[in-house]
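Since every read-out is calculated from the coordinates, none of them should be taken as a lab result. These numbers were taken from a predicted model, which means no experiment stands behind them. Glycine also receives a Cβ, built like all others from the backbone with ideal geometry; neighbour counts cover every protein chain displayed.
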Amino acid sequence: MPNYAQSQLLSDFFKTGQPTYVRKGDLIIGIEPEPKGVYFVDTGFVKAYSITDGGEEFVHIVYGHGEIFPFVWAYRRIHPELYYEALNQTLLWRVSREQFTQFAKNDPKGAYELARQMAQQFQVFTDRLDNLEYKKSSERIAYRLLFLAGRFGKKQSKGVVIDAPVTHDLIARSINLTRESVSRELEKLEREKIIERSGHKIFICDVNALSQRLSKPNNLKHWGID
């Protein structure tokens, strides 16, 4: 844990580029015709989200250390209408699309690491679709917490702490629920001593009890938190 790509080879390549420091809430990529380049997260967290015609925000993915965005534009020069925003103070490294393309074409080991990370990001999106198949808010939230524990969790002696700035609002916007619904369900889990909360950190005291709240059988090995 965390269960996502952290390649030294990719880190070394991106650190030949331009460092970019951003603060919480800063917009890294908006809806401009093209991004300034391809980004690598060194420290901090970045959310990618879309905005509906009604002004609602839907969070697609949260990127952590070692992850790269935007992949679609990097390979296909298609810039989906997604916004990328820092969740906390973040250090990014940026290379041009041309530098990225040359690296992907000319370094076989680098190309493998990029493909590996793309596969992991694809799994994030398939997990999100699976998450949304649950109709009950209690199940959606249980699934999301297990997913976040697998992705950003750190094992401790009595459970797993989600080491990312996860707010009620962020969870709600990730799984199409209201913030109030998320707050109520988290309070229930806290009363049942399945989770504990401190600031924006969530500590899962009993991952098995949390997984048992799902109607479909789920193997904790799927998230790497068995």
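The orientation-averaged shadow of the Cα convex hull for the stretch 163-226, equal to a quarter of the hull surface, comes to 4.7 nm². Around the amide H of Asn88, modelled in the peptide plane, lie the amide H atoms of Gly25, Phe45, all under 5 Å away and 5 or more residues distant in sequence or on another chain. Simple spin-label estimate for Gln102 and Glu57 gives 3.7 nm between the two label positions (7 Å along the Cα-to-Cβ direction from each Cα).
The GluC sites (Glu not before Pro) of the stretch 14-84 meeting both criteria, a DSSP state outside H, G, I, E and B (loop) and at most 16 other C-beta atoms within 10 angstrom of the site's C-beta, are Glu56, Glu81. For the chain, the longest principal axis of the alpha carbon atoms and the long axis of helix 179-191 meet at an angle near 60°. Altogether, the Stokes-Einstein calculation at 4 °C and 1.567 mPa s, with the Kirkwood radius of the stretch 91-160 over Cα pairs as Rh, returns a diffusion coefficient of 86 µm²/s. Once the mean of 1/r is taken over each pair of separate Cα atoms and inverted, the stretch 1-117 shows a Kirkwood hydrodynamic radius of 14.5 Å. Our helix-only sum for the chain, with -39,500 (n - 2.57) per DSSP H run of n ≥ 4 divided by its residues, gives a mean residue ellipticity at 222 nm of -12000 deg cm²/dmol. The string of couplings for the stretch 70-86 from the Karplus curve (6.51, -1.76, 1.60, θ = phi - 60°) is x, 5, 4, 5, 4, 9, 10, 6, 9, 10, x, 6, 10, 10, 10, 9, 6 Hz, one whole number per residue in order, with x for Gly and Pro. First measure r as the distance between the Cβ atoms of Gln18 and His222, then evaluate 1/(1 + (r/R0)^6) with R0 = 45 Å and state the FRET efficiency to the nearest 0.05. After rounding to 0.05, the efficiency reads 0.75. What separates the Cα centres of the stretch 182-214 and the stretch 50-83 is a distance of 28 Å. Remark: C-alpha extents of the chain on the principal axes read 52, 40, 30 Å, sorted largest to smallest.
In a DSSP loop and with at most 14 other Cβ atoms within 10 Å, the trypsin sites (Lys or Arg not before Pro) in the stretch 99-207 are Lys135, Lys136, Lys158, Lys193.
What the phi angles of the stretch 113-119 give under the Karplus curve with 6.51, -1.76 and 1.60, with θ = phi - 60°, is a coupling list of 5, 5, 5, 4, 5, 4, 5 Hz, glycine and proline written as x. Which of Lys109/Lys158; Lys24/Lys201; Lys109/Lys201 have a Cα-Cα distance over 28 Å? Cα-Cα > 28 Å for Lys109/Lys158; Lys109/Lys201; rest within.
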